[in-house]
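Novice: Sharing a structure here in structure tokens format.
The values are calculated or read from the model by the stated rules, or taken from the named source; none is laboratory data. None of the values given here were measured: they were computed from a predicted structure. Reconstructed Cβ throughout: ideal geometry from the backbone, glycine too, with neighbour counts over all protein chains shown.
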Amino acid sequence: MKPSIQKLLVGFVIVIVLAFILLRGDQLVELVETMKKGAVIPLVLAVLTQLGKYYAQSWAYHFTFASVNEKMGPKETLPLVFGTFFMNTIAPSLNMAGATLVVDDARRRGIPGGKATSAALLMQMTIESGFMTIMIVGFIILQVTGNLSPAWFLTGLVVVVMVGFMGGIMFIGRKNPKMLVGLLHPVERLVNRILKKFNKNPLDPWAEKAVASFGDAAGTIAGNPKTAAKAFGCSIAASTCELAAFCLVGVAFNITNPEALICGYVIATLLAMISPVPQGVGFVEAGVMVLFSAYDINSAAGMASVLVYRGLVFWMPFLIGAVLIQRTKTFKRDDGKKGKPAKKAVLPAALNDNEVVGEEPDEVAFVAEASEGFAQNQGDACAADVDEFDGKKGAKGFPDAKGSASSKEGVPDGGAEVAS
């Protein structure tokens, strides 16, 4: 990436962070004051378990790329975890905005676009599926306690549809690629029409290539079921860590009803996912308070726990993401193409006739040959100059300190004979 573009991206991130701090900075102060009212140990444990969620997600990314036969270690995927959160915060899109960052980062690492897209889709599927597992448990509890409203149920169906849609794309791409191509062609034509209206060149045909990539990646994933299962397991562990953080925050403010805490987490996460505003600001707080009231939770304790939890899951990954997103290949100027340092030649330890003794004989021989060639070339050049001097120039090209040799001024005894 060109330095100017990289600086623009960094500047954009800084502007976004400052804008959020200016618009919601008062919540940071309120968060600190509210946390002082809660128990310290549960809040510390909540922070640690929430950080555990992001670590588990970094391993989930590792296994999703491994399932398509590509290698990305947890240290490389951890910036993606926080970077995707940052992207999903500034561009709410059902948690799909961050997928573009994942695909671009992978492509800059040399991973084919089809595999990168399939790995990003699989990762998103594991995230939604991990949460869906806990959501189903929460909905069962709500149903048993008589608090499952049709609104909550319909909201939960959105997650099921999202998981089914992403899985269906890969499945159809493998089993019936022509059908998927037919579904994507109208989208391709629509995009080109929009570009034409803005006097832009149409995109190259991509539907067939994308479907072929999806199909190949789906086949690769199917051939690595254990690796894909590990990715799902890590995502379930990540959602479990976040659920634990929500419950610990509730315990810090004397909310001990397990049903209310589990269902409160489900509602909070659902509304954060589908809300049209960044991370469901306002919607989450109102929804969780409505649920807490159904379980007769003290309103002051409920509001305090919601504010602290929201501050924990919003500000911590948002600020960390603003820093770590610049470690992704999308924001790096070198595009991941760093040259390897050249090996230093080892000087010979001894010369025995034509033999070179050293730790790196090949490299020493190369240096010796280069030196010999250089000396030979210099010798040839000197011989040529002497010949040219004898045949053409004579002594004209060799002036002394007082005058030219042709004038014989200042030439010592015998010098004239040499000059002539």
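Novice: With VAL249, VAL158, VAL163, VAL211 as the choices, which residue is within 30 Å of SER305 (Cβ to Cβ), touching a Gly at 6+ places or on another chain (Cβ under 8 Å) and either among the aliphatic types (A, V, I, L, M) or without any contact (Cβ under 8 Å) to a residue 12 or more places away in the chain (or both)?
Specialist: Just one listed residue meets the conditions, VAL249.
Novice: Go through the stretch 227-278 and give me each residue that's surrounded by fewer than 20 Cβ atoms within 10 Å (Cβ to Cβ), among the polar types (S, T, N, Q), within 27 Å of LEU154 (Cβ to Cβ) and touching a Ser or Thr at 6+ places or on another chain (Cβ under 6 Å).
Specialist: If the condition is that a residue be surrounded by fewer than 20 Cβ atoms within 10 Å (Cβ to Cβ), among the polar types (S, T, N, Q), within 27 Å of LEU154 (Cβ to Cβ) and touching a Ser or Thr at 6+ places or on another chain (Cβ under 6 Å), then no residue fits.
Novice: For the condition more than 21 Å from the chain's Cα centre (by Cα), of a type in the set (Val, Ile, Thr) and assigned to a helix (DSSP H, G or I), what is the one hit in VAL288, VAL313?
Specialist: The unique qualifying residue is VAL288.
Novice: Oh, and also: Please work out if GLY114 is in contact with a Cys (Cβ under 6 Å, 6 or more places away or on another chain) and in contact (Cβ under 8 Å) with a residue 12 or more places away in the chain.
Specialist: On the way: in contact with a Cys (Cβ under 6 Å, 6 or more places away or on another chain): no; in contact (Cβ under 8 Å) with a residue 12 or more places away in the chain: yes.
Considered against the rule, which asks whether it is in contact with a Cys (Cβ under 6 Å, 6 or more places away or on another chain) and in contact (Cβ under 8 Å) with a residue 12 or more places away in the chain, GLY114 comes out as no.
Novice: Another question, if that's okay. Among the helices (runs of 4 or more DSSP H) contained in the stretch 1-116, which hold 1 or more residues that are modelled with pLDDT under 85?
Specialist: On the way: elements: 3-35, 40-67, 74-90, 97-108.
By residue number, 3-35, 74-90, 97-108.
Novice: Right, another one. Within the set of pairs 6+ apart or on separate chains, which have a first residue in the stretch 284-295 that is under 9 Å from ALA260 (Cα atoms) and in contact (Cβ under 8 Å) with a residue 40 or more places away in the chain, a second that is among the charged types (D, E, K, R) and in a helix (DSSP H, G or I), and C-beta atoms under 9 Å apart?
Specialist: These pairs meet every condition: TYR295/GLU259.
Novice: It is to be established whether one or more residues within the stretch 242-253 are more than 16 Å from LEU312 (Cβ to Cβ) and out of contact with any strand residue (DSSP E or B) (no Cβ under 7 Å at 6 or more places or on another chain).
Specialist: no
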